[in-house]
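Here's the structure, in structure tokens; my notes come after.
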Amino acid sequence: MDQTFLVNVFGSCDRCFKQRALRPVFKKSEQLNYCSLCAEIMAADGLHENETLASLKSEAESLKGKLEEERAKLHDVELHQVAERVEALGQFVMKTRRTLKGHGNKVLCMDWCKDKRRLVSSSQDGKVIVWDSFTTNKEHAVTMPCTWVMACAYAPSGCAIACGGLDNKCSVYPLTFDKNENMAAKKKSVAMHTNYLSACSFTNSDMQILTASGDGTCALWDVESGQLLQSFHGHGADVLCLDLAPSETGNTFVSGGCDKKAMVWDMRSGQCVQAFETHESDINSVRYYPSGDAFASGSDDATCRLYDLRADREVAIYSKESIIFGASSVDFSLSGRLLFAGYNDYTINVWDVLKGSRVSILFGHENRVSTLRVSPDGTAFCSGSWDHTLRLGWAWAAKREL
């Protein structure tokens, strides 16, 4: 396992070699474990005459303030003002077409296959199930060695699934046409974190997978060898969610966590290239806008927010005074005009992305909505809940793509 994943609370300092409480320090991309005193000394080594750490911090805060002032000058109009001339969507009705029953406990995650027909779900019952959404039949089922399987993902080829949770691992299972085959025998453990696995996503091929964890990190792994290709450090608490940019190159992804931050990462360098800190509580879900120029987030502060990556700022907040429960999952329609958000009050709110207004409320689940995804072709919609079920086919009256 890569050294960046070891959490050294107490041990030998790499500088003074004394047994002390340690913290990670990165020097020319190499991680070292220093005690607090040595970390301060290292920081002071490069100071010029009459400079102190306090003066440099003060200067940095001053420069940060000036940057915020310049950014505020560009913030001269709100998104809903720009969208005033856009035709309103109006109210519309959605209905449940199918209900998928088979899990014995809370459904925690789901993902669509690119064939637009099959989907995978994971649950607190320790099971991962592959479904045929047309027939509602179960095609494959895997029992994990732990409960709370919090993450699952379909491979781009549709020939494998990945999953993990309280076992701290991300495991990949190949899928075959033989439904009686023992999938557990072909299990491949790809990723290993030092805390629970909260999210996983294949990149644009079956050969690499991104993971997020309660250990505060994200990581990129090689599926075949299990080798750690890149680690991403920057969150100050559990990372709860991630989403890969919808581009052919796929070189960036966004993550959100318990530190209230949404962070955009460069997969090649491992560096955070943008960070947003406007939420007031945990960020449970992040999803890129279809064009890749923006992303939405859902949080325990009962709001969903839209961030424009080109403007480098928040451009919309989706909330109402009557909504007091947290948003657990978000996804865009294929056109990007609608934002679906699942909440802890058992409902799904549908928002007009441009105008910021709520255009529909979807009822049906009997417990917290934990996950939701629009199908790859935009014609279907699936949500999973703590009521042990997945509901499928919120097809709306206009009969056009979401």
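Data overview
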| quantity | calculated |
| --- | --- |
| Residues residue 157 and residue 99, FRET efficiency given R0 of 25 Å [Cβ-Cβ distance, rounded to 0.05] | 0.30 |
| Ranked packing of 252-265, 55-68, most packed first, by mean Cβ within 10 Å | 252-265, 55-68 |
| Square roots of 5 times each gyration tensor eigenvalue, C-alpha, the stretch 257-402, largest first, Å | 24, 18, 15 |
| Nearest-ten-degree value, helix 53-74 long axis tilted from longest Cα axis of the chain | 40 degrees |
| Of 212, 316, 39, the one that fluctuates the most in a GNM where the chain has Cα springs shorter than 10 Å | 39 |
| Helix-derived mean residue ellipticity, 222 nm - over the chain, DSSP H n ≥ 4, -39500 (n - 2.57), to 500 | -3000 deg cm²/dmol |
| Full-stretch length increase - residue 361, residue 71 - with 0.36 nm per residue and alpha-carbon distance subtracted | 100.9 nm |
| Gain on full stretching of the segment that runs from residue 293 to residue 345 - 0.36 nm per residue minus C-alpha separation | 15.7 nm |
| Which of 349, 251, 217, positive extreme of dipole for the stretch 90-394 (C-beta unit charges) | 349 |
| Carbon plus sulfur fraction of accessible area for the chain, probe 1.4 Å, in percent | 49 percent |
| Whole-number accessible area per residue in Å² for the chain, which is evaluated in the context of all protein chains at 1.4 Å | 48 Å² |
| Spin-label model distance (nm) - residue 30 vs residue 377, 7 Å beyond Cα toward Cβ | 5.4 nm |
| Dipole magnitude (debye, nearest 20) for the chain, charges at Cβ of Lys, Arg, Asp, Glu | 1300 debye |
| Computed log₁₀ I(q)/I(0) - Debye formula, equal Cα scatterers, no solvent, the chain, q 0.07, 0.10, 0.11 Å⁻¹ | -0.35, -0.70, -0.83 |
| Full-extension gain in nm, residue 139 to residue 42, via 0.36 nm per residue minus C-alpha separation | 29.2 nm |
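The values are calculated or read from the model by the stated rules, or taken from the named source; none is laboratory data. Everything numeric in this text was worked out from a predicted model, so none of it was measured. Glycine also receives a Cβ, built like all others from the backbone with ideal geometry; neighbour counts cover every protein chain displayed. Each accessible area value is taken on the protein alone, full model and side chains, heavy atoms only, with ligands, DNA and RNA left out. Shrake-Rupley method; radii C 1.70, N 1.55, O 1.52, S 1.80 Å.
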